[in-house]
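Peer 1: Below you'll find the structure I mean.
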Amino acid sequence: MRSTDLSELAAFDAVARHRNFRRAGEERGVTASAISHAVGNLEARVGIRLLNRTTRSVSLTDAGAMLLSQLSPAFGDIGSALDALNQFRDTPFGKVRINAPNSVAPFVFRSVIGPLIAKNPGLQLEVVATDRLVDIVEEGFDAGIRLGERLRDGMTAVKIKPRLRFAVVGSTSYFERNPLPKTPDDLRQHVCIRNIYPSGKPYPWEFSRAGKIIEFEPTGSLSLDDHELMVEAALSGVGLAYVWEERARRHIENGTLLECLASWNAPEDWLYLYYPTRRYLSAGLRAVIEALRV
């Protein structure tokens, strides 16, 4: 097989998995037009259309789906063979792409990245932090990080550190004008900053008492999808914020923010790193997991 044949097949494999020429190009380290040219050459050479293209979407033809089903295991075997060479190196070599929620990424990686890279100089770690819901397989990630163990089928979850806790906080100026809430129900009398996902969908504030989960849905006029912005808004006195305690810790310690309802202990949850069960676990990803594992 010519090297150009293998390159074209790899380009097709990337497009077929991502359903997107730009993302396929990013994975392969080339432009979207180069990927399109390679796939076009492959289709011309085999004389069969493999992809249906529109201005908005890319989908597989029946022939393309059949080819992908044959290629995926083969490219997996090639990747495994190359990764197996790590046994002849002192440390892992190659790229590892991780997706993590923007709201928790700093707590997960802030004390890990330095030692991890120092110990594994051949490792290329790429962390993409976004609170957008991401399909790690479709978007070419080796693994993702999420709160809780509720994952779709075909994923393996590994418990990692740290364990996080939510806190309700408000500024001293806010509490000069308003009383401290004593129960979650008291929050109905307060200005509360709404937490939303990037899609705009709100998520409730959660509390617990005697093993029972209590949900409160704020109806305030300000909605934010970033915990740092929520902390800044709370500092300005605009209302109460429901944020990761770690995000607000230094402000709580210096007295510019007051925590309330602490006795209601917003539920803690573990963070998990997850990856496709059937995918070969590379030496690089194993090194990342070892660094993050509880």
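Peer 1: Out of ARG278, ARG249, I need the residue that is of a type outside the set (Ser, Thr, Tyr) and in the same structural domain as ARG132 (by the TED database). Which one?
Peer 2: Residue meeting the stated conditions: ARG278.
Peer 1: At least 1 residues that are farther than 24 Å from ASN99 by Cβ in each: list the strands (runs of 3 or more DSSP E) lying fully within the stretch 186-287 that qualify.
Peer 2: 205-209, 212-216, 241-244, 257-260
Peer 1: Quickly run through the stretch 198-227 and pick out the residues that are free of Cβ contacts under 8 Å to residues at least 40 places away in the same chain and surrounded by fewer than 12 Cβ atoms within 10 Å (Cβ to Cβ).
Peer 2: If the condition is that a residue be free of Cβ contacts under 8 Å to residues at least 40 places away in the same chain and surrounded by fewer than 12 Cβ atoms within 10 Å (Cβ to Cβ), then GLY200, LYS201, ALA210, GLY211, LYS212, GLU215, THR219, SER221 are the ones that fit.
Peer 1: Here's something else I'd like to know. If you check SER33 against the conditions, is it in contact with a Lys or Arg (Cβ under 9 Å, 6 or more places away or on another chain) and either closer than 26 Å to VAL134 by Cβ or in the same structural domain as VAL158 (by the TED database) (or both)?
Peer 2: No; evaluated as a whole, the condition is false for this residue.
Peer 1: Continuing with the same structure: Show me the helices (runs of 4 or more DSSP H) entirely contained within the stretch 1-49 in which 1 or more residues are over 19 Å from PHE75 (Cα atoms) and open to solvent by 70 Å² or more (accessible area, probe 1.4 Å).
Peer 2: Where helices (runs of 4 or more DSSP H) fall fully within the stretch 1-49 and carry at least 1 residues being over 19 Å from PHE75 (Cα atoms) and open to solvent by 70 Å² or more (accessible area, probe 1.4 Å), they are 21-28, 32-46.
Peer 1: Looking at (1) in contact with a Pro (Cβ under 7 Å, 6 or more places away or on another chain); (2) surrounded by 17 or more Cβ atoms within 10 Å (Cβ to Cβ), which is the one condition that is false for GLY140?
Peer 2: Checking GLY140 against (1) in contact with a Pro (Cβ under 7 Å, 6 or more places away or on another chain); (2) surrounded by 17 or more Cβ atoms within 10 Å (Cβ to Cβ), the one that fails is (1).
Peer 1: Please specify each residue of the stretch 47-73 satisfying the condition of being modelled with pLDDT under 90 and over 18 Å from GLU138 (Cα atoms).
Peer 2: If the condition is that a residue be modelled with pLDDT under 90 and over 18 Å from GLU138 (Cα atoms), then THR54, THR55 are the ones that fit.
The values are calculated or read from the model by the stated rules, or taken from the named source; none is laboratory data. Since this is a predicted model, take the numbers as computed values, not measurements. Counting neighbours? That spans all protein chains shown, and the Cβs are built from the backbone with ideal geometry, glycine included. Areas reflect the complete protein model, heavy atoms only, side chains present, ligands, DNA and RNA absent. Shrake-Rupley method; radii C 1.70, N 1.55, O 1.52, S 1.80 Å.
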